[in-house]
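The next block holds one structure in the form of structure tokens; read it before the comments.
The values are calculated or read from the model by the stated rules, or taken from the named source; none is laboratory data. Everything numeric in this text was worked out from a predicted model, so none of it was measured. Glycine also receives a Cβ, built like all others from the backbone with ideal geometry; neighbour counts cover every protein chain displayed. Side chains are part of the model used for accessible areas, which takes the heavy atoms of the whole protein and leaves out ligands, DNA and RNA. Shrake-Rupley method; radii C 1.70, N 1.55, O 1.52, S 1.80 Å.
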Amino acid sequence: MLSPLASNEGILVTAAIRDITVRKGSEAQLVKKVEELKRSNEELEHFANIASHDLQEPLRMVASYTQLLSRRYKGRLDSDADDYIAFAVDGASRMQRLIQDLLAYSRVGTKGQELLPTSSEDALSQSLRNLRGAIEERSASVTHDPLPMVLADETQLVQLFQNLIGNAIKYKESGQPHVHISAVKNHTMWKFAVKDDGLGIDPQYFERIFGMFQRLHKREEYAGTGIGLAICKKIIERHGGTITVQSKLGEGSTFTFNLSDSEATA
Ligand SMILES: Nc1ncnc2c1ncn2[C@@H]1O[C@H](COP(=O)(O)OP(=O)(O)OP(=O)(O)O)[C@@H](O)[C@H]1O
Ligand SMILES: [Mg+2]
């Protein structure tokens, strides 16, 4: 016969086993949920990709025929008809831009390349070449510290700099924009900062501006669809980092993001 002590131990062991079983069960449930979430994200991404890709063709028809109507019949119907056609042309070209942006957003995930040792300074130079038009138009001064080698998808790093610096130049009411890019090492990560002397952002909008199609300015004041920062966020998250902004209205903004040093996993 078991002593009371041994039977107590038996109860404890049984309870512990039950505890482990329950924990294992909930761990397995969690893994299942994560997998489901991953799959539904992938499906959503796939859907956005297909939808935006396939919508382009019929939309091209609408856009080109409304443009043709506008060219051929402007001034030959009445002034209301001219207005209606102009609204249709404007609506179609805006929709084209939105669809292209949606496609660009979904491609961050579907067309992403392997993260490889990449010169962030070269990526910056490429982005400045792409922004040459805007830089010249506003006589912008863009300076930078020596920038490091990081683990990145080079095309996406160019895209990231291009969106942030493009915004830094665009969101300045008047005068010469000054933009500075720096990087500071923190353990195995580099913290980059893109600092401007533009309009600044009210802190209540710090999160919102990284959402899709979220803008703080009217289209008539500053052109854009509001996808640039959402793309930046998606790029940085794909690289395992985060992106944030610090700013005060009227005092410029600093966007910071982090990337792994190129030696981090070498
Ligand atoms: N450097 C900045 N200074 C002030 N406001 C900014 C700055 N960068 C972004 N914003 C604000 O955040 C909003 C979202 O920026 P985002 O780059 O996503 O879109 P966009 O510039 O409006 O359009 P897109 O980049 O798609 O052409 C902008 O509309 C603007 O109101
Ligand atoms: Mg932008």
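Side notes on the structure shown:
- Extension gain for LYS191-LEU77 works out to 35.1 nm (0.36 nm per residue, less the C-alpha to C-alpha distance).
- For region 92-240: rounded, prolate or oblate by the Cα gyration tensor [a/c cutoff 1.5]: oblate
- Heavy-atom accessible area for ARG97, with the other protein chains in place and a 1.4 Å probe, reaches approximately 110 Å².
- For the chain, a crude dipole built from +1 on the beta carbon of Lys and Arg and -1 on the beta carbon of Asp and Glu, taken about the Cα centre, is about 300 debye to the nearest 20.
- Share of carbon and sulfur in the accessible heavy-atom surface of region 1-104 [1.4 Å probe, %]: 62 percent
- Each Lys or Arg adds one and each Asp or Glu takes one away; over the other residues whose Cβ falls under 11 Å from the Cβ of GLY224, this sums to +3.
- For GLU121, net neighbour charge (Lys/Arg +1, Asp/Glu -1) across residues whose Cβ lies under 15 Å away: -2
- Protection proxy ranking of 72-79, 115-122, 252-259 - average other beta-carbon atoms within 10 Å, highest first: 252-259, 115-122, 72-79
- Region 190-254 shape via C-alpha gyration tensor axes, a/c threshold 1.5: oblate
- Apportionment of accessible area to carbon and sulfur, region 201-240, percent (1.4 Å): 48 percent
- D_trans [Stokes-Einstein, Kirkwood Rh over alpha-carbon pairs] for region 1-97, 37 °C, 0.692 mPa s, µm² s⁻¹: 168 µm²/s
- Per residue, the accessible area of the chain comes to 64 Å², computed with a 1.4 Å probe over protein heavy atoms only.
- ³J(HN,Hα), Karplus 6.51/-1.76/1.60, whole Hz, each residue of region 79-91, x for Gly, Pro: 5, 4, 4, 4, 5, 4, 5, 4, 4, 5, 4, 5, x
- Percent of beta bridges antiparallel (DSSP, the chain, rounded to nearest 5): 85 percent
- Crossing angle, helix 120-130 versus the chain [Cα axis fit, 0-90 degrees, rounded to tens]: 30 degrees
- Ranking ARG18, ARG60 from most to least accessible surface, computed with a 1.4 Å probe over the protein chains only, gives ARG18, ARG60.
- Added length on full extension, which subtracts the Cα-Cα distance from 0.36 nm per residue, GLU57 to THR225: 58.4 nm
- Note on GLU137 and GLN29: with the Förster distance fixed at 45 Å, the Cβ-Cβ geometry gives a FRET efficiency of about 0.20.
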